[in-house]
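Take a look at the structure below.
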């Protein structure tokens, strides 16, 4: 899967899960369905973390400027901003071509590039490790409680 295809799919998934979260909030506050935000929020949170990991991977592989990478991460915080951001970087050619550090690609030069190259060259292992890491982070965030209560 190319960086463009992966990034587009996750940008769209992020938008869909924003919708689930918003519908969950409507269900909770308008109809007293407490479980609705738990379901919508959990799905959205998981996809949000996957989008963040993918943004960092594409940022490293495509050598995005610092500001572009930060903007990519920030786009996940604003409802429905991931798709316009993905379209923007696509139009600018920042998602073009295969993975630079993938199989038969360039040799990695830095620690982040070595980690990404290893992940791209062993995708099954990378998928398993990524799912485990995202699940651990997701679980820790669930244990931490609602974001609105973190600073109370």
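The values are calculated or read from the model by the stated rules, or taken from the named source; none is laboratory data. Please read all numbers here as calculations on a predicted model, not as lab measurements. Don't worry about glycine lacking a Cβ; one is built from the backbone with ideal geometry, like all the others, and counts go over all protein chains shown.
General observations
- Residue 51 within 16 Å of residue 96 (Cα to Cα), in a helix (DSSP H, G or I) and touching a residue at least 40 places away in the same chain (Cβ under 8 Å): no
- Condition check for residue 45: buried (at least 16 other Cβ atoms within 10 Å of the Cβ), over 22 Å from residue 146 (Cα atoms) and either in contact with a strand residue (DSSP E or B) (Cβ under 9 Å, 6 or more places away or on another chain) or at pLDDT below 95 (or both): no
- Residue check for residue 93: free of Cβ contacts under 8 Å to residues at least 24 places away in the same chain, under 15 Å from residue 58 (Cα atoms) and exposed (fewer than 11 other Cβ atoms within 10 Å of the Cβ): yes
- Taken as a whole, the stretch 27-39 holds no residue that is surrounded by 14 or more Cβ atoms within 10 Å (Cβ to Cβ), touching a residue at least 60 places away in the same chain (Cβ under 8 Å) and touching a helix residue (DSSP H, G or I) at 6+ places or on another chain (Cβ under 9 Å).
- Residues in the stretch 96-133 that are part of a loop (DSSP other than H, G, I, E, B) and crowded, with 16+ Cβ neighbours inside 10 Å were compared, and the one that is farthest from the chain's Cα centre (by Cα) is 108.
- Residue 84 satisfies every condition listed in (1) in contact with a helix residue (DSSP H, G or I) (Cβ under 8 Å, 6 or more places away or on another chain); (2) exposed (fewer than 15 other Cβ atoms within 10 Å of the Cβ); (3) not in a helix (DSSP H, G or I) except (3).
- Qualifying positions in the stretch 62-78 - closer than 25 Å to residue 98 by Cβ, surrounded by fewer than 13 Cβ atoms within 10 Å (Cβ to Cβ) and without any contact (Cβ under 8 Å) to a residue 24 or more places away in the chain: 65, 66, 67
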